[in-house]
Amino acid sequence: MTSKYETVIGLEVHVQLTTATKIFCGCATRFGADPNTQTCPVCLGLPGALPVLNRKAVDFAILAGLATNCRIAPRSIFARKNYFYPDLPKGYQISQFELPICEHGWLDIETEASGAKRIGITRIHMEEDAGKSMHGETPETSSSSFVDLNRACTPLLEIVSEPDMRSADEAIAYLKKLHQIVVYLGVCDGNMEQGSFRCDANVSVRPRGQAKFGTRAEIKNINSFRFIKAAIEYEVERQIELIEEGGKVVQETRLFDTGTGMTRSMRGKEEAHDYRYFPDPDLVPLVVDAAWIKRMGEQMPELPEARLARFMADYGIPRYDAEVLTAERGLADYYDACVKLHGNGKACANWVMGEVTRGLNDQGIAIEACPVSPQMLAGMLKRIDDGTISGKIAKKVFDEMWKSGQDADTIIAEQGLKQVTDTGAIEKIVDEIIAANPEQVEEFRGGKDKVLGFFVGQVMKASKGKANPGMVNELLRKKLQS
Ligand SMILES: [Zn+2]
């Protein structure tokens, strides 16, 4: 059924910037503070209070624009977007309308179904967030609503794509890439649950081959990749069914209900706002000269794609490993630091993707909170390389580092985990094991080669895992064959 129709998706993403203070005043942007404790006359919208643009927010907008291949406008304008809502005390939101700071960008994505593809970015503009309405939840307050203006005036970027995506999978690939980039840039914390990265999806369908776009519905404020995919897929099916039944899709704003997995109408086109935009007379045009853009270009961190290519080329790891290790900037930084200290790209990749990631998942913590630092991990790997400990004992040392925060050398010394490479000591154990198992010795000498494994196991056990396995093998062969 879907094959008769083509899906068209355009996305508008709101990215909350990680500046310490708000976009037009000096109030803090910290999440989770008591209501209305991070406010001042400017963000409360008191008469006569004047906005002052936060330079850091402009830096971040330029970085995001450069990273998404946009042209940075030499002159852009802040406009008033007029509407009334209780969480917007000024009666307007300051945004950019006709002249945004970034335009004409693109991102390359890849999906299984359609391969590599370029998605256009129409524009990126800067704006302030509104406050938050809260509804009473106790019997005393259930008939009341409250307004918290801590979030009012928080800096946002709105990143608007071209309607270039043709499936929910392409939309998700684009969003994940954009999310990865803004987090790598450090301009957004990427926390979708707290709304730092949220998405409006414009979805329409048209008969395959038709050039004209179908009528679109806009699904508002979806804040998880899973919900965005579900919302788009539901909406596509709904529109196709409607058309097949002879109905018409109407242009409207819809909400995605995470409980039912369905979208429902919020407001139609006739109720759409007329925002009566006009340039904000309190703010001068924003002028960004070439020097400013150049400075930001120089501050640009290595982006995920470049890093993935470098990890493969310089550290000799397979694409799969490089993709896992660059998915998040924190993990990539950690791995990068390990390899710089230790030198073996593949060995570090195995440990970071194995024990380190497992430990983080078990405890539900981020890499930034990992109790084993890159220095500690590299230090331990060096002890495997120089034969101080075996790979098996290394797992034990790693667990100890994780629990105690001590480095590998301290743990190896204190717990006597040093690998036994003293031939005499190993020989003594080998002799004891051979003497204690005459039947197995006969079997081996009778041609049953497999029995060697039994002997190796016994010797390793007797040495508490500390005997050098290579030496154990060699000594056993020599003695059993003699
Ligand atoms: Zn303020």
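Bear in mind that the values in this text are calculations on the coordinates, not laboratory data. Only a predicted model underlies this, so the values are computations on that prediction, with no experimental measurement involved. Every residue, glycine among them, receives a Cβ derived from its backbone with ideal geometry; neighbour counts consider all protein chains shown.
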(message) I need the phi-derived Karplus couplings for segment 337-349: 6.51 cos²θ - 1.76 cosθ + 1.60, θ = phi - 60°, integer Hz, Gly and Pro marked x.
(response) 5, 4, 5, 4, 8, 9, x, 9, x, 6, 4, 5, 4
(message) Strictly under 4.7 angstrom between C-beta atoms: which cysteines of the chain have no such partner?
(response) C25, C27, C40, C188, C199, C370
(message) Per DSSP helix of 4 or more residues, -39500 (n - 2.57); summed, then divided by the residues of the chain. What does that give at 222 nm, rounded to the nearest 500?
(response) -12000 deg cm²/dmol
(request) Would you order R55, R310, R329, R238 from fewest to most other beta-carbon atoms within 10 Å of each residue's own beta-carbon? (result) R55, R310, R238, R329
(request) Decide, for segment 76-124, between rounded, prolate and oblate: order the square roots of the alpha carbon gyration tensor eigenvalues as a ≥ b ≥ c, take rounded if a/c falls under 1.5, and otherwise choose prolate if a/b is larger than b/c, else oblate. (result) oblate
(request) Compute the Cα gyration tensor for the chain, then decide on rounded, prolate or oblate, letting a ≥ b ≥ c be the square roots of its eigenvalues: rounded whenever a/c is under 1.5, prolate when a/b is larger than b/c in the other cases, and oblate in all that remain. (result) prolate
(request) Find how much the distance from S142 to A28 grows on full extension, using 0.36 nm per residue of separation minus their present alpha carbon separation; answer in nm with one decimal. (result) 38.1 nm
(request) Please work out the FRET efficiency for the pair C40 and K461, using the Cβ-Cβ distance as r and a Förster radius of 60 Å; give the result to the nearest 0.05. (result) 0.30
(request) Excluding residues fewer than 8 places away in the same chain, name every one of the lysines whose C-alpha is closer than 17 Å to that of K229. (result) K176, K177, K220
(message) What distance in nm separates the two pseudo spin-label positions at E427 and K56, each 7 Å out from Cα along the beta-carbon direction?
(response) 6.8
(message) For the chain, take the longest principal axis of its alpha carbons; what is the angle in degrees between that and the long axis of helix 304-315, to the nearest 10 within 0 to 90?
(response) 20
(message) Are there any GluC sites (Glu not before Pro) in segment 33-114 that are in a DSSP loop and have at most 14 other Cβ atoms within 10 Å? List them by number.
(response) E98, E112
(message) Which of the three applies to segment 137-255, rounded, prolate or oblate, going by the alpha-carbon gyration tensor with a ≥ b ≥ c and a/c under 1.5 meaning rounded?
(response) oblate
(request) Compute the relative contact order of segment 317-442 as a whole-number percentage, counting only Cα pairs closer than 8 Å that sit 6 or more residues apart in sequence. (result) 18
(message) For a Förster distance of 25 Å, can you work out the FRET efficiency between the beta-carbons of M300 and E112, rounded to the nearest 0.05?
(response) 0.25
(request) Under a cut-off of 26 Å between alpha-carbon atoms, report the lysines in cross-link reach of K396, not counting same-chain residues fewer than 8 places apart. (result) K340, K346, K382, K418, K428, K461, K464, K466
(request) Work out the charge dipole of segment 327-482 with +1 on the Cβ of Lys and Arg and -1 on the Cβ of Asp and Glu about the Cα centre, then indicate which of V397, G447, I412 is farthest towards its positive end. (result) G447
